[in-house]
Amino acid sequence: MRYFSLALLGLLLTISTLGAQGSLLSPGEFLPHPYAQQFTPHHVLVDYVEYVARESARVKLITYGYTNEDRPLVLAFISTPANLARMETIRQDHLKAAGFQQGEPTSDEPVAIVWLSFGVHGNEAGASESSMSVLHALADPSNTQTGQYLENTLVIFDPCINPDGYNRYTNWYRQVAPLEADPLSFTREHQEPWPGGRVNHYMFDLNRDWAWGTQVETRQRLIQYQRWLPHIHVDFHEQFPDNPYYFAPAAEPFHPAITQWQRDFQAEVGKNNARYFDREGWLYFTREQFDLFYPSYGDTYPTFTGAIGMTYEQAGHGISGRAIEMENGDTLTLADRVTHHTTTALATIETASKNASALNRQFNAFYDRARNQPAGTYKTFVIPHTNHPDQLAAFTRFLDMHQIRYGKAGKKHTSEGYDYQTGTTHPVTVAPEDLLVSAYQPAGTLAQVLLEPSAAISDSLTYDITAWSIIHSFGFEAYGLTARLDPAAPWQAAPYVEPEWPKAAPYAFLLPWTSLEDARFLGALLRENIQVRVATKPFRIEGRNFERGTLMITRADNRKWPGYEARVESLAIELQRDLVPVSSGLVELGFDFGSEAMQLLRAPRIALLSGEPVEPGSFGATWYFFEQVLHYPVSIIDAASFRPSRLENFDVLLLPNGNYSWDDSVKSKLAEWIRSGGQVIATGNALRWLQGMDGVNLVAKESPYGDEIPEGDQVPLRYEDRGRNWASSSIPGALVQAVIDNSHPIGFGFSDRYFSLKTTTQAYAYLDKGWNVAYLKEDPLTLGFVGSEAKKKIENTLVLGTERVGRGAVVYLVDDPLFRAFWKDGQLLFANALFFGRL
């Protein structure tokens, strides 16, 4: 308690007094430990929310889902009893005004809808801890001030949107922390172990997943979010302890789709927050560091759906424990963190209540513009029906998740259009069967942001990736039109029709290799010990052409399994694969089925490294890929106990991005394992450690200028421009178009182009003794921000390469194709490396 400021003590005493006056227990009265002096376990946090919902007429509670570790995801709806009684009417009126439902609103009484999200990063535990005091202040019937706010405000309240990460951190902390908090930063309670509580079960940053919806928490939350589409969304975070408090307005760059009203109202919210902080003398900052460009944050995604989306960052974070010394000699306590977040939460609700009419009016205007006068460059996005059905089906599921409407063109049309594959503009012929996404719809702004090839960026000093088009993610042939085309008919994917299998077992089943779903099917076959071959050359049989990568399941290879064809057929039906049965192995063109061009595949036994020094996000994305995408087994080995001698039971070793530093003896023994037939697939910084290994001929490319000073840089740099100078040699995250050698097995199923999502300036020269499967040429097509020096550095460099080492192979992934799990083309490329990388 000696660390508590007088102001903090006053606030806590006020909260306690309010609780005593009414029937509703405060967090301090309910919890088994002193509130804001110890972290609350997640199940106890949920207990308190459930208790408040039972006891307060101002609260209704729902469970909207469960995490990977089966923890509940809950939402509390907080308002007056009268508003809660007509909550569904409020919701439907709100959606009718935005155009998502037909009909006219039944009431003209404006209600502000404010959504508060706490704890997206689990080790920023002060956020979820503060949710309880916010909930009590809103739900307590004796609190007349918040009661006034709720007369025209509905608060949607998520106390912890990352329960698994929060539990990981708080459980660890309670196990290791001493009875009395130690503010010295080097003590054990401030040294959170790998992977930290920031991330969810699969080590994904949920604050980067709003748009992509790869994680179960996000997908379940989006269902509820799309049901309500609030006027304001606040995402409560924590930052490092010497950064005081950040609230809106945000920093540049703002995405061009953000309206002037959204900019201005952020400032209004900030002014009210500042008023309370000024009164207490608390430090804060605005308009710095936290921008509104990347669309998958908890502030930007709501913004692109019409809300005032904001991030609030309190000093704290996992390093702070319950108390930590700051650079000014003061001590930051958990109670301080709770107080500050509670203050901004209630101040924001106050601002919303005072501006309920304007919020409703401007929100409706946002959607009116989207339906009738969308602002973005491209008014229609054309996805030709000739793209692969699997990809089209996955794309429409993505659109459905965000309530983005689409349909069939219905008639032929010719217009100038931007070609996503070439980056050029030329006449485009739209076929009647093509899929259209029109910007003239309620979700038109969000559609433009997610589908556009790139957006103008006002400031290169940005916080995250700067290009992300989901169209490029799928590798589609696609076009952006400045002209308006509205779909003429609903889009209906061709239903899967179960084949009429031949009565007698065919000579072979064939499956063209075109999508990730084919990789799932191959994995399922190999898990069943069904023998599969892959065609390394194109061929023609029974009047049909088949490309490289075609899978072949022959009767000859599976003689040991009587009736194998029944299992193949059932798996094909389960995974909706259109197998082609053929009656002969004699081809009309190319190589016969017994040729060495038809390579037998082996079921890879895979080891994946985890723990220090592996980067948690890279490991998590790989783990997620195997368990939730490919559905293929992988063994996880802790890097600290890794020994090459333990690889005798494995065929493939995966080295995710990480700062590996094993000694030369490990490197030598790993090289021996590779030479004996093993395969290593290395990503990102793992390539640096492999350099110098016997048989590895990977050479890093350094500065594009060598020892020369580029012209124009002779003038001494101004101190204030140091950040922008750094930006010229950086790639915060951009798309670069690579050439891909689709004659190599790792390139099977691709055209001759591949957009790689590049997040670093790491660069390697072309391989002299291996295969450059994907690579950048001079002046490659780039989308998003790439610094001028960085672009020179990555010219004529490797994206994906492989080389033989003895009987084994090493695959080099300079860019992580599994990054954040939303780059669909990258997932297929990784599957190719996994199944075909040893051919």
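The values are calculated or read from the model by the stated rules, or taken from the named source; none is laboratory data. All values reported here derive from a predicted model rather than from experimental measurement. So basically every Cβ, Gly included, is an ideal-geometry build from the backbone, and we count neighbours across all protein chains shown. Heads up: the accessible areas ignore ligands, DNA and RNA and are worked out on the full protein's heavy atoms, side chains in. Shrake-Rupley method; radii C 1.70, N 1.55, O 1.52, S 1.80 Å.
Here are some notes:
- Each of the peptides 91-99, 424-432 was scored by the mean count of other Cβ atoms within 10 Å over its residues; in descending order, highest first, they stand as 91-99, 424-432.
- Across region 346-360, rounded Karplus estimates of 3J(HN,Hα) from the backbone phi angles (6.51 cos²θ - 1.76 cosθ + 1.60, θ = phi - 60°) give 6, 5, 5, 5, 4, 4, 4, 4, 5, 10, 4, 5, 5, 4, 5 Hz, Gly and Pro being marked x.
- The phi-based Karplus calculation (6.51 cos²θ - 1.76 cosθ + 1.60; θ = phi - 60°) puts the 3J(HN,Hα) values of region 279-293 at 4, 8, x, 8, 7, 7, 8, 9, 6, 10, 6, 9, 8, 10, 10 Hz, whole numbers, x for Gly and Pro.
- Averaging the sequence gap over all C-alpha pairs within less than 8 Å and six or more residues apart, then dividing by the number of residues, gives region 606-693 a relative contact order of 34 percent.
- Averaging 1/r over every pair of different alpha carbons in region 451-520 and inverting the result gives a Kirkwood radius of 17.8 Å.
- What the Kirkwood sum gives for region 244-321 is a hydrodynamic radius of 13.1 Å, with every pair of different alpha carbons counted.
- Computed from point charges on the beta carbon alone (+1 for Lys and Arg, -1 for Asp and Glu), the dipole magnitude for region 717-839 about its Cα centre is near 220 Debye.
- Proximity of backbone amide H atoms, modeled 1.01 Å from N, is registered between VAL430 and HIS413, THR414, SER415 at under 5 Å, excluding neighbours fewer than 5 places apart on the same chain.
- Taking the longest Cα principal axis of the chain as reference, the axis of helix 163-176 is set at about 70 degrees.
- For the chain, the relative contact order comes to 10 percent (Cα pairs under 8 Å, sequence separation of at least 6).
- Cα-based shape type of region 468-619, given that a ≥ b ≥ c are square roots of the gyration tensor eigenvalues and the cut on a/c is 1.5: oblate
- Selection from GLY523, ALA572, MET552 lying farthest towards where the dipole of region 516-645 points positive, charges on Cβ: MET552
- When nucleic acids and ligands are ignored and a 1.4 Å probe is applied, ASP330 ends up with an accessible area of around 80 Å².
- Solvent-accessible area per residue in region 426-527 equals 36 Å², computed with a 1.4 angstrom probe and all protein chains kept.
- With respect to the chain, whose longest principal axis is taken over its alpha-carbon atoms, helix 216-228 is tilted by about 60°.
- Mean Cα-pair separation over length for region 148-267, i.e. relative contact order, pairs under 8 Å, 6 or more apart, %: 18
- Pairs of lysine residues in region 747-827 - Cα separation under 14 Å, sequence separation of 8 or more or cross-chain: 5
- For LEU154, the residues whose modelled amide H falls within less than 5 Å of its own, excluding neighbours fewer than 5 places apart on the same chain, are ALA112, ILE113, VAL114.
- The ratio of the alpha-carbon radius of gyration of region 294-341 to the globular-protein estimate 2.2 N^0.38 Å is 1.56.
- Dimensionless Rg/Rh of region 117-275 - Kirkwood Rh, Rg from C-alpha atoms: 0.99
- Along the axis of the charge dipole computed for region 437-548 (Cβ charges of +1 for Lys and Arg, -1 for Asp and Glu, origin at the Cα centre), the listed residues TYR463, SER473, LEU446 are led at the positive end by SER473.
- Of GLY837, PHE785, SER645, farthest towards positive along the dipole that unit charges on Lys, Arg, Asp, Glu beta carbons give the chain: GLY837
- Between helix 664-675 and the chain: long-axis angle, C-alpha atoms, 0 to 90°, nearest 10: 40
- Highest mean first, the peptides 817-825, 482-490 sorted by other C-beta atoms within 10 Å per residue fall in the order 817-825, 482-490.
- Whole-Å semi-axes of the chain's equivalent ellipsoid (Cα gyration tensor): 48, 32, 27
- Accessible surface of the chain, 1.4 Å probe, proportion on carbon and sulfur as whole %: 48
- Summing Cβ point charges (Lys, Arg +1; Asp, Glu -1) relative to the Cα centre of region 298-344 gives a dipole of roughly 200 debye.
- Lysines with Cα under 19 Å of LYS96, excluding same-chain neighbours fewer than 8 positions away: none
- Between amide H atoms placed 1.01 Å from N, distances below 5 Å from HIS233 occur with TRP115, ILE308, GLY309, MET310, all of them 5 or more places distant or on a separate chain.
- Given charges at beta-carbon only (K, R positive; D, E negative), |dipole| of the chain in Debye: 1680
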